Amino acid sequence: MGELRLGDVIDDYCVKCRRITNHSVVSILNEQPAKVRCRSCYSDHDYRHEIPPPSRKELKKAELFKEVLASVNPAASGTAEVAPESSAADVKPKKRVGKKV
Ligand SMILES: [Zn+2]
């Protein structure tokens, strides 16, 4: 990354415009843009690295996914009843005998 200076114009995602727009750098931290101002609507916000926030739709999707997982798990643990015992038995003898000191 080259020299970054206050007032430089960079691309970033504007939440208000809901798209990537030109932004002026208004504050810099560790040679990275910290705050930027949208040149379309003039709102200041933290630099987002051009990443849009998750939409409500996506949040809802994530919630649904969790519900699906919850409904799937009980069945999975039911069929896997035998496995934990045998695998535990396999693991126990693996005590490491350290090198002689
Ligand atoms: Zn904007």
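Descriptive notes on the structure:
- Backbone N within segment 33-75 under 16 Å of label point (7 Å from residue 5 Cα along the Cβ vector): 33
- Charge context of residue 32, other residues only, Cβ under 15 angstrom, K/R +1, D/E -1: -4
- The protection proxy used here, the mean number of other Cβ atoms lying within 10 Å of each residue, ranks peptides 21-34, 54-67 as follows, highest first: 21-34, 54-67.
Just so you know, all these numbers are worked out from the coordinates, no wet-lab data involved. In this text, all values refer to a predicted model and were calculated from it rather than measured experimentally. Neighbour counts run over all protein chains shown; Cβ positions are idealised from the backbone, glycine included.
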